[in-house]
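See below for the structure under consideration.
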Amino acid sequence: MASRRDYYEVLGVGRDADAAQLKSAYRRLALQYHPDRNRDDPEAAERFKEASEAYAVLSDAEKRERYDRFGHAGVGGAGAGAGGFGGFDPSIFADFSDLFGDLFGFSASRERHAAGSDLVYRMEIALKDAAFGVEAPVVVSRLERCEACSGSGAEPGSHPVTCGACRGRGRQRISQGFLMITRTCPSCGGDGKVVEKPCPECRGEGRRRGTRKLEIRIPAGVETGSRLRLGGEGDAGPAGGPSGDLYVVLTVLPQEPFEREGDDLVLRLDLPFPTLVFGGEVSVPTIEGESAAVTIPAGTRAGSEIRLRGRGVRRLGRSGRGDLVVRAGVAIPQKPSKREKELLHAYGEEIGAPMGGKTVLDKAKKIFS
């Protein structure tokens, strides 16, 4: 999937652009790429959404500051740097009437009616797939454009006609005293056209329920909550309107014996006491499914960490990998043999360690008394 463009580049302004310059640039792009003016051009719909997303961030002082400091990752969550995935809130397109309703001659309700709904698909993936990325199949139930009528809703051989109530404008003006109120045309729902002979296959809806199988690329380094956006893969819009988007929300499943901490993988390894004292070499598993040799230095304390550089999770949207962190603990024998008990008691007496609730000093006092 292609990487996201810089928001300033999208709007065609410099990084020092003020609010008026941002708004002017956005109006220009919205006029050029709005779906109502480019019904047969899906690329225009993508450009329109891209410009709207850029304006939504840069027109907000707090979001703009985070974006200037951290780029897309600062305003889009864990997955924002991965080709436009993750963190993007589609609700920013919900209301445009304050910016350019008068320029296009449509109301916000008409725009929502013309575009298809966005869909959300929740997917679980293994930790290993999150660490290295994977191609995964997705089967989505969605409203698809009716092939019989090409999405028009009209019977094959016929066409929708101009709405007589609004004369194709999609809106009606009603005079109430000294006020002139504009509302969405109730006859055509804001489309400006009505279907006189509905398509028998879709009953005039222009859409039918169907399934779509997709192969999506999950980038390496994603986390639970990361979102992938697939433009135009949501519900088809009514009356031939543009399709919505599909958002794939990820849950990364745990995988023993590893624990994830950012880009690092943590492996808790309990070692025999002599190994901690004298050192040694042990073999540990890795996320690749292989084994790696780890040298335990003499005098290693419980809780100490030994890092295997570059053996963790790939960094999202960046080069390199995190580390595999081996966190040392002490292996306690649950059922020691008779010989092990003798050796442990001898060592405990040698260092004066409390054993069985009494210290060696307590036993000595009892003998001499």
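See the values below:
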read-out	value
Residues being buried (at least 22 other Cβ atoms within 10 Å of the Cβ) and modelled with pLDDT of 90 or more - total across the range 58-93	1
Sole exception among (1) under 37 Å from the mean Cα position of the chain (by Cα); (2) open to solvent by less than 60 Å² (accessible area, probe 1.4 Å) for residue 270, by number	(2)
In the range 334-361, the residues that are assigned to a helix (DSSP H, G or I), open to solvent by 70 Å² or more (accessible area, probe 1.4 Å) and at pLDDT 55 or above	338, 339, 340, 341, 342, 343, 344, 345, 347, 349, 350, 351
Residue within the range 130-139 that is farther than 30 Å from residue 319 by Cα, at pLDDT 85 or above and open to solvent by 80 Å² or more (accessible area, probe 1.4 Å) present	yes
Candidate set from the range 295-325 (those that are hydrophobic (A, V, I, L, M, F, W, C) and without any contact (Cβ under 8 Å) to a residue 60 or more places away in the chain); member that is farthest from residue 268 (Cα to Cα)	298
Residue list for the range 278-301, filter: over 18 Å from residue 259 (Cα atoms), aliphatic (A, V, I, L, M) and in a loop (DSSP other than H, G, I, E, B)	298
Yes/no for residue 278 being among the hydrophobic types (A, V, I, L, M, F, W, C) and free of Cβ contacts under 8 Å to residues at least 40 places away in the same chain	yes
In the range 280-332, the residues that are open to solvent by less than 50 Å² (accessible area, probe 1.4 Å) and hydroxyl-bearing (Ser, Thr, Tyr)	286, 300, 304
The range 1-49, subset farther than 28 Å from residue 169 by Cβ and among the hydroxyl-bearing types (Ser, Thr, Tyr), residue surrounded by the fewest Cβ atoms within 10 Å (Cβ to Cβ)	3
Subset tally (residues that are part of a strand (DSSP E or B), open to solvent by less than 40 Å² (accessible area, probe 1.4 Å) and out of contact with any Lys or Arg (no Cβ under 9 Å at 6 or more places or on another chain)) for the range 195-253	4
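The values are calculated or read from the model by the stated rules, or taken from the named source; none is laboratory data. This structure is a prediction, so every number in the text was calculated from the model and none was measured. Note that each Cβ is placed from the backbone with ideal geometry, even for glycine, and that neighbours are counted across all protein chains shown. Ligands, DNA and RNA are excluded from the accessible area calculation, which covers all protein heavy atoms including side chains. Shrake-Rupley method; radii C 1.70, N 1.55, O 1.52, S 1.80 Å.
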